[in-house]
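Visitor: Got a structure for you, questions after.
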Amino acid sequence: MIDLTAAVVGFALLIGLMTLGLHVAFVMFAISMLGAIFYLGTPAVMEYGTQYWGATNNFVLVAVPLFVLLGELLVRGGFTDRMYRSLSDWLNPLPGGLLHTNIGASAMFAAVSGSSVATAATIGTVAIPAFKGRNYDPRLVLGTIAAGATLGILIPPSINMIIYGAMTNTSVGRLYAAGVIPGLLLTGLFMAVVVVACWWKPSLAGAKSAPAPLGERLRRLVDLLPPTVLFVVVMGSIYLGWATPTESAALGVVMALVLCIAYGKFSIKMMHECFVTTVSVTAMIMLIAAAAFYLNFVLGLMGVPQALANFASQLGTSPLVMLAVLTVFYLILGCFLDALAMIIGTIPIVFPLITALGIDPVWFGIYLVVMAELALITPPVGMNLYVVQGIRKEGLITDVIVGTLPFLVMMLLLVVLLVVWPDLALWLPRVSFG
Amino acid sequence: MEEDPISRVVEPVARTAAIVCGYAVLLLSLAVSVEIVGRKLFSHSFPGTDDIGGYVLAIIAVVGASYTMAKRGHTRVDIFLVMMSTRWQRVMNLLAMVSMAAFASFAAWRGTTVLLESIEFQSVASNPLQTPLWQPQLLWLIGLVLFALIALAYAAHALLLFVRGDPRLNRYYGPASVQDELEAELTAQAERAAQAEQARQAEPGEAK
């Protein structure tokens, strides 16, 4: 049985080398090579090519390029501004008015997109101009956009869930189903923050515009159809068992293409732009993922998962204590690591620990995604903060950071709720898939 | 972001390759969709699309790696790097490029064995199509070898700049900062908005 100190040293080295600015993919490769050379010998080292081919020739992960392409088509499809306007028709009467539209539109876009940064960029470009001259509290405006956009990876589909599922052999369909209720709950919590804040201090909310006539508002509901239909087809085909998550992503791409053509937004040039971004993002993710699969393979042969599992049971900690420790650990990591690199890099060590303690893998996937959401808005490296600040082009980034703080608290509250009622995540996959 | 001389050559070629890969993803989506509809409505299945999907992913992942490299899109954590002195940044940027080249070269070398073994044992995929595995693996290996060559060229150039004490090393081979990523994202966003605007104007019914 392998000595666990070696694993701990290896993990510290992994995080240390990453923070020095070397490529994340190389660092994972280098650490697994060290393990292979010192503990396993030449055959495991030479096996690298086969492992690389096997890791990338993987139908579950095929969903990654498909969802990136789907998202790119939607972003350029041009229905976000109409969707935003129609949502604002109905959410405006709430205390806090237009602020709710930021959250609602983020949640709706999240339901067809698997990325939070794309959600922040898309909703931010539509939303920030909508607040011009309305005297809303700028911090709250920015906070609703930056935090709302993190819903992109919690509400299915989600690229982070696909990668978690592929690395841990957890069903992506179940993970998707498990993300729905926490996603809606978090949307509700975000909106509650706005309601309470604006009720407590009405000056935070700006001037309300007179509602459009009912007939017009009803007519504009059509603008909510494209994302709704896409969501129903992509998720419905999985739910009915007609398609695997990867196949449903392919259906989504074809439908998004049809929508772009129907809305007159399609051109060859636009499609090529989508292609280039898709392939580039996929290559970036897969280079890290392939290295992480090899790390998993090496650690498995070294017996690290069993050693960790034994360690966890000997330690006799309750799952609750472990989760508390992990939450602090991920909050710190999230301050300086990229959200996706953080998930991929920690799974090989953390997953054996939590399964040994009897924590459900599907539940833990949702927990990890919420941690990744937090990483997206914790300074200094929260990507969403920078995206929103970049669209705004004025003032200080501190405004965005302060504005997201109340929403950050809501995310931690969601973690607590998930711990107290695991069924928030696990009920829907259970009734959907048995 | 200042573009280095190697990327100026590599980028247009890698971009074209990425577009070709994009068409493969699109065709795959169409094939899978037809397969689902055929299976559900006409109980007629075209087996093998999932295997082809796996091949497409493996190939686009390595072909795209070169473009991502030229665009400095491979993830690096720069939070502590920006706090270092210029001299240490030079060392870390050189190390990053050299280590990436070593990584890619090793992968290409081991990838060669994968192809050679498939040819030697005449391996076929265990699916109804019985694809000879050397076919997708050859394309995969070509992508992998090109990626390794490009990474080696970057490493050599970085080393040259380092030895000469050329200050451009950090500008060319530093990690894409959050600011760069942001600019890329926002330029793309502006392009999309412009396209959307054009399309809107082209739509006569929407003129009012």
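Visitor: Taking the Cβ-Cβ separation of residue B:8 and residue A:262 as r and a Förster radius of 56 Å, what is the calculated FRET efficiency to the nearest 0.05?
Guide: The pair residue B:8/residue A:262 has a calculated efficiency of 0.90.
Visitor: Starting from the Kirkwood radius over alpha-carbon pairs of the range A:272-341, derive D by Stokes-Einstein at 4 °C in a medium of 1.567 mPa s and give it in µm² s⁻¹.
Guide: Using the Kirkwood radius from Cα pairs, D works out to 85 µm²/s.
Visitor: Percent of Cα-Cα pairs per 10 Å bin, from 0 to the last occupied bin, for the range A:27-107, please list those.
Guide: 15, 23, 18, 15, 15, 12, 3
Visitor: More than 21 angstrom separation, counting every C-alpha pair in the range A:1-142; what % is that?
Guide: When all Cα pairs of the range A:1-142 are counted, 64 percent exceed 21 Å.
Visitor: Given the C-alpha centroids of the range B:72-96 and the range A:300-334, what is the distance between them in whole angstrom?
Guide: Cα centroid to Cα centroid, the span is 31 Å.
Visitor: How far apart, in nm, are the 7 Å Cα→Cβ label points at residue A:314 and residue B:39?
Guide: 4.6 nm
Visitor: Please state, as a whole number in µm²/s, the translational diffusion coefficient that the Stokes-Einstein equation yields for the range B:14-59 at 10 °C and 1.306 mPa s, with Rh defined as the Kirkwood radius across alpha carbon pairs.
Guide: Answer, rounded: 140 µm²/s.
Visitor: Still on this model: What is the angle, in °, between the Cα long axis of helix A:361-377 and the longest principal axis of the Cα atoms in chain A? Nearest 10 is fine, range 0 to 90.
Guide: Its long axis makes an angle of about 60 degrees.
Visitor: Ignoring everything except DSSP H segments at least 4 long, calculate the 222 nm mean residue ellipticity for the protein assembly as shown; use -39,500 (n - 2.57) per segment, divide by total residues, nearest 500.
Guide: The per-residue figure over the protein assembly as shown is -25500 deg cm²/dmol.
Visitor: Return the value, in Å² to the nearest 100, of accessible area buried between chains B and A (probe 1.4 Å, both sides summed).
Guide: The B and A chains share an interface burying roughly 6500 Å².
Visitor: Okay, moving on. Give the accessible surface of the protein assembly as shown per residue, rounded to a whole number of Å², with probe radius 1.4 Å and ligands, DNA and RNA excluded.
Guide: 40 Å²
Visitor: Further question on the same structure: If you wrap a convex hull around the C-alpha atoms of the range A:291-418 and split its volume per residue, what is the figure in Å³?
Guide: 105 Å³
Visitor: What per residue convex hull volume, in Å³, comes out for the range A:359-400 when only alpha-carbon positions are used?
Guide: 65 Å³
Visitor: Cross-link partners among lysines for residue A:208, C-alpha distance below 19 Å, same-chain residues fewer than 8 apart left out?
Guide: Qualifying lysines at Cα under 19 Å: A:132.
Visitor: For residue A:38 and residue A:8, what is the calculated FRET efficiency with R₀ set at 25 Å and r taken between the beta-carbons, to the nearest 0.05?
Guide: 0.95
Visitor: In vacuum, with every alpha carbon of chain A counted as one equal point scatterer, what does the Debye formula give for log10 I(q)/I(0) at q = 0.06, 0.07, 0.11, 0.14 Å⁻¹? Two decimals, please.
Guide: -0.25, -0.35, -0.85, -1.33
Visitor: Could you look at chain A and say what percent of its accessible area is carbon and sulfur, using a 1.4 Å probe and all protein chains?
Guide: Heavy-atom surface of chain A belonging to carbon and sulfur, 1.4 Å probe: 72 percent.
Visitor: With θ set to phi - 60° and the Karplus curve 6.51 cos²θ - 1.76 cosθ + 1.60, what are the ³J(HN,Hα) couplings of the range B:139-149 in order, to the nearest whole Hz, using x for Gly and Pro?
Guide: 3J(HN,Hα) across the range B:139-149, in whole Hz: 4, 4, 5, 4, x, 5, 5, 4, 4, 5, 4.
Visitor: OK, next. Taking the convex hull of the Cα atoms, report for the range A:226-353 its projected area averaged over all directions, in nm².
Guide: Value for the range A:226-353: 11.6 nm².
Visitor: Can you give me the relative contact order of the range A:23-104 as a percent, contacts being Cα pairs under 8 Å and 6 or more apart?
Guide: This gives 12 percent for the range A:23-104.
Visitor: Here is a further query. With 23 Å as the cut-off, how large is the P(r) tail for the range A:114-198, expressed as percent of Cα-Cα pairs?
Guide: Percentage above 23 Å: 32.
Visitor: A further question follows. Among the chymotrypsin sites (Phe, Trp or Tyr not before Pro) within the range B:1-99, which fall in a DSSP loop and have no more than 12 other Cβ atoms within 10 Å of their own Cβ?
Guide: Answer in residue order: B:42.
Visitor: Another one. So how far, in whole Å, is the C-alpha centre of the range A:71-94 from the one of the range A:223-274?
Guide: About 16 Å separates the Cα centre of the range A:71-94 from the one of the range A:223-274.
Visitor: Find me the longest stretch of chain A that has none of the exposed trypsin sites (Lys or Arg not before Pro), where exposed means in a DSSP loop (not H, G, I, E or B) with at most 10 other Cβ atoms within 10 Å.
Guide: It runs A:133-392.
The values are calculated or read from the model by the stated rules, or taken from the named source; none is laboratory data. Fair warning: this is a prediction, and the values are worked out from it, not measured in the lab. All Cβ positions, glycine included, derive from the backbone under ideal geometry; neighbour counts span all protein chains shown. When the accessible area is computed, the model is the full protein with side chains, heavy atoms only, and any ligands, DNA or RNA have been set aside. Shrake-Rupley method; radii C 1.70, N 1.55, O 1.52, S 1.80 Å.
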